[in-house]
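> Have a look at this one before I ask anything.
Only the coordinates and a few stated rules stand behind these numbers; no lab work does. Owing to the predicted nature of the structure, the values given are computational and were not obtained by experimental measurement. Cβ placement follows ideal geometry from the backbone for every residue including glycine, while neighbour counts extend to all protein chains displayed.
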C-alpha cells in the first residue's frame, strides 16, 4: 500500500522510436488521483504510441513506467485490474449483439453492472440484441463506450473517445469523464475535439521531440 504522496502513475525518462524516428524523448510526468490529462501534439507526435505504452499494450519504449510506486512490469496484474483502455478501434465482435459483447467484457474483468442500463445511457435502448454488424460506426463506438458505465477501473486511458459520436453524446461522455475524476479516478485521453472539461491538463508531445527543449506546457507535474 502506497502513501498519499506517491503518484498514481509515473513516467520516467520515457522515449519512443518508430521507423527509426524518435517520436518523443525525456518524458517525465507524474499523474495523481483526480487528474484529467489530455495528450496533445500534431499527427505523428506519438500520442497513440504513448497511450499504448501506458496501457501496457506496447513495450516498445525506453525508460520506466511506474504504477503506485512500482515498476509496471512488477505491478502488471494490478494495473490491468485497475485500468481500462479504449483505443481507436471499438474492439467489438460484430457477430455478437451489444449485450453479448458487454457480457463477455464483464466476464473478463470480473466487474458487475446493469448491461441494459449502460446501453440505455449511451443511446442504444432497443438495440441490445441487434447483431453489431447491423450497427453504424457511431453505434459501434457507443457499444465500446458503454464499458465506461460498467467498469470499476480507477484509471481510464482513452484514445480519441469522441470519434463518431454526436454532440449530445459528446456532452454525455464529458460528464461521465468529469464524474470519474471527481470520484478520485485518473483519465488520460487524446482528442481532436475542443473539450470544455474543467481542470483539464494538457501535455503537448511536440515539446518532447528531440529538436525541442523538453517542457510540460501546463498541468501535470513534470520532471518530478
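> Suppose each label sits 7 Å from its Cα in the direction of the beta carbon; what would the residue 129-residue 80 distance come out to in nanometres?
Label at residue 129, label at residue 80, 3.4 nm between them.
> Have a look at the DSSP beta bridges in the chain and tell me what percent are antiparallel, nearest 5. List each step's numbers first, then the result.
On the way: 16 of 33 bridges.
For the chain, the DSSP antiparallel bridge percentage is about 50.
> Right, here's the next one. Just rank 58, 151, fewest to most, by other beta-carbon atoms within 10 angstrom.
Ascending number of Cβ neighbours within 10 Å: 58, 151.
> Provide Rg and Dmax in Å for the range 38-149, with only Cα atoms included in the calculation.
16.3, 47
> Now, a different point. Sort 167, 94 so that the residue with the fewest other Cβ atoms within 10 Å of its own Cβ comes first and the one with the most comes last.
167, 94
> Multiply the residue gap between residue 116 and residue 88 by 0.36 nm, knock off their C-alpha separation, and tell me the result in nm, one decimal place.
Difference between extended and current length: 7.7 nm.
> Can you tell me, using C-alpha contacts under 8 Å and at least 6 residues apart, the relative contact order of the chain as a whole percent?
30 percent
> Once a ≥ b ≥ c are taken as the square roots of the eigenvalues of the Cα gyration tensor of the range 106-219, is the result rounded (a/c under 1.5), prolate (a/b larger than b/c) or oblate (a/b not larger than b/c)? Provide the component values of the computation, followed by the final result.
Values: a/c = 2.25, a/b = 1.83, b/c = 1.23.
Taking the square roots of the gyration eigenvalues as a ≥ b ≥ c, the range 106-219 is prolate.
> Pull out a ≥ b ≥ c, the square roots of the eigenvalues of the alpha-carbon gyration tensor of the range 20-76, then state rounded if a/c is under 1.5, prolate if not and a/b is larger than b/c, and oblate in the remaining case. Please list the in-between numbers first.
Numbers: a/c = 2.00, a/b = 1.29, b/c = 1.54.
It is oblate, given that a/c is not under 1.5 and a/b is not larger than b/c.
> Going by the alpha-carbon gyration tensor, a ≥ b ≥ c the square roots of its eigenvalues, is the chain rounded (a/c under 1.5) or, if a/c is not under 1.5, prolate (a/b greater than b/c) versus oblate?
Prolate, since a/c reaches 1.5 and a/b exceeds b/c.
> What is the fewest-to-most order of 156, 104, 77 by other Cβ atoms lying within 10 Å of their Cβ?
77, 104, 156
> For the chain, what is the mean residue ellipticity at 222 nm derived from helices alone (per DSSP H run of n ≥ 4: -39500 (n - 2.57); sum divided by total residues; nearest 500 deg cm²/dmol)? Walk me through the numbers before you get to the answer.
Details: 6 runs with 64 residues, N = 224.
Estimated from H runs of four or more residues: -8500 deg cm²/dmol.
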